[in-house]
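Here the structure is laid out as structure tokens; the discussion comes afterwards.
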Amino acid sequence: MSSSTSSQGVVDRVQNFVSEHKHAVLIGTAAALVAIGGAAYYASSSSGPRGDVEKGEGKKDRKKGKKRKTVKDDDGPILEERKSKVSAVEEGASRAYVEARIAAHGNAEEPNYTAEEIAVLPEEERVKAAASLKAKGNSAYQQRKFSTAIDYYTRAIAVTPKPEPVFFSNRAACFVNLNPPQHEKVIEDCDQALALDKNYLKALNRRATALEALGRFEDALRDFTAAAILDKFQNMSAAESVERVLKKLATDKAAEIYATREPRLPSHMFTSAYFGAFRPRPVIDLPENHTTGDSTLRMALEALRAADYAHAFTLVNESIEQGISWDAGKAEALNLRGTFKFLMTDIEGAKADFLQSIELAPSFTQTWVKIASVYMEQGDPKKAFECFEDAIKHNPNDPDIYYHRGQVLFIMNEFAEAAENYTKSTELDNQFVFSHIQLAVAQYKSGNLANSMATFRRTLTAFPTRSEPQNYYGELLLDQQRYPEAIQKFDSAIEIERAKASSSSSPMNVLPMVNKGLAIFQSEQNVEAAEKCCQEALDIDSECEAAVATLAQLSLQQGKIDVALKMFDRQASLARSEPELISALTYQFATQAQVKFMESYPEMAAQLGQMARMM
């Protein structure tokens, strides 16, 4: 297992932990935001939208999982679940004035009052007229006469002595159902309704849906997030809407970033881990009459051995441009350039270089192995295994073939077959530490705990100066929740890495520090100590994605929202692939939506804390 694989494993573990507790994290994060402003807030005493259920329109459905009625249902939709304040005086209102106005207009409809007439109309008659217009609007809506309903609600809004959010929300529902829907007007009406009652869930959801339809995903996410929290996560459709919009938002933003971002190498640790997953090859001998391009290739390979990856990439490009005089050298150069392209996620460019390299030197089995990775990246495992078979035909004794075929099988959860390949690789060369480590991990994944632990103990003895066996053994102990033993192994790995860094120019692998922080977090819930481990890792390697991702989540736990947002931004900038970028952006946008929620609903702090403790 390479360090890059393990690094992603750390990111996956912390994000899986968060995912399993996502409601508690979401609420706890928002609740923690109150500390940022230093203000005191109070818990809202309301348990939901104010007012009684409106007679004749159906009681509010408290069973959140039940399917809501829509305009397409035979008996029409439940337009509104709450009673307008105007109906409170409906029974006691005098009918004399209204009857006179109806007679004056000469029809049985509610009079279409002018602004001047409304100004002189008694308040109780205005209340009565508004309630009557609303009822007629509801009836027209039930009959799918949306334009008529809009007219009634508009007249109700004009005549009511006190603005009512239900009138605006119901009119918004009509605009939704026009053909085509008038989303902008939906938003305008919901803005009005929410200005009158910011806790109005139906208006929040309607506005969010309209914003989503217009492609205004950040604004839609803001409203769906608010609706989900205000509804205390009892309505699954609200939570699903948050996830749906988050996915759209993050996916679109990732595509935009990828379209404009210059290709670049991933972090030093990731690049080192990838090259470290192949056994070192001897430096090539140049032809007697070598060219400038030949010499430049030799310098590129020397830079690679010195882990000067940026320089190696520049030099190998120059060597190909200058021209290489012999086929084996060209194949070597194309293999190296293709590898760098693969690391920079230029999959098609890497594939072209690897195929050309194979044409020049088909016995160069490392290229077969690398192009198998390309086919796996493209979702074609059948083609990948064909490449491994071709490699074996050319050199059946190359241990790298079996190690990397084992890696592919491991990714596919074929752990028993993976273990067979790792075993074959160690039989051909028992000095490659990762074959032993991956064998132990595959045995563990297959359920052979005793064999796995025994393999790890042998590996620890055989490679006492390598940190990787200590670190990966610690990860398996962590998975078993054997926290003190896991932390001890991570400490041993850290000591080995420190000694290596002090005695050479090799950079320190900080992954054991991140793993230690995660172990402390899971075992003791000591967020500050875990954060300290990750921060130390970042001080040493500022591009360690595992440290950035873990620190972002730990910052959320501590309510350090500004730090979390910075970490998510860094995680996005470090992301090597589009899925990694989407993951980072998802957390970033979710956190921003929670910040906006607390800015709009500071009084929810105490309730959020209570909800977090209950989840």
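The values are calculated or read from the model by the stated rules, or taken from the named source; none is laboratory data. These numbers come from a predicted model, not from an experiment. Here the Cβ positions follow ideal geometry from the backbone for every residue, glycine too, while neighbour counts run over all protein chains shown. Heavy atoms of the whole protein, side chains included, go into the accessibility calculation; ligands, DNA and RNA do not. Shrake-Rupley method; radii C 1.70, N 1.55, O 1.52, S 1.80 Å.
With charges set only on the Cβ (+1 for Lys and Arg, -1 for Asp and Glu), what does the dipole of region 111-205 come to about its Cα centre, in debye to the nearest 20?
Details: 12 positive and 12 negative charges, 86 e Å.
Once rounded to the nearest 20, the dipole reads 420 debye.
How compact is region 549-595 by the rule of thumb for globular proteins, expressed as Cα Rg over 2.2 N^0.38 Å? Let's see the in-between values first.
Working: Rg = 9.8 Å, N = 47, 2.2 N^0.38 = 9.5 Å.
Compactness ratio reported: 1.03.
Ranking Phe521, Gly474, Ile540 by how far each Cα lies toward the positive end of the dipole of region 464-542 (charges on Cβ) leaves Gly474 at the top. Length gained on full extension, Val120 to Glu262, computed as 0.36 nm times the residue gap minus the Cα-Cα distance: 44.3 nm. Sort region 374-461 into rounded, prolate or oblate with this rule: let a ≥ b ≥ c be the square roots of the eigenvalues of the Cα gyration tensor; rounded if a/c is under 1.5, and if a/c is not under 1.5, prolate when a/b is larger than b/c, oblate otherwise. Oblate is the answer for region 374-461, as a/c is 1.5 or above yet b/c matches or exceeds a/b. The aspartates and glutamates whose alpha-carbon is closer than 14 Å to the alpha-carbon of Lys596, local same-chain residues fewer than 8 away aside, are Glu218, Asp219, Asp223, Asp562.
The peptide list 537-544, 434-441, 553-560, put in order of mean Cβ contacts within 10 Å with the highest first, becomes 434-441, 553-560, 537-544.
Solvent-accessible area of Arg216, all protein chains in place: 100 Å² (probe radius 1.4 Å, heavy atoms, ligands and nucleic acids excluded). Overall form of region 287-373: oblate. Here a/c, set by the Cα gyration tensor axes a ≥ b ≥ c, is 1.5 or more, and a/b is not larger than b/c. Could you give the distance between the Cα centres of region 311-387 and region 279-296, to the whole Å? What the calculation gives is 17 Å, centre to centre.
Here Lys145 is the anchor, and the aspartates and glutamates within straight C-alpha reach of less than 18 Å, apart from those fewer than 8 places off in the same chain, are Glu57, Asp73, Asp74, Asp75, Glu80, Glu109, Glu110. Averaging Cα coordinates gives a centre for region 165-205 and one for region 418-481; these two points are 60 Å apart.
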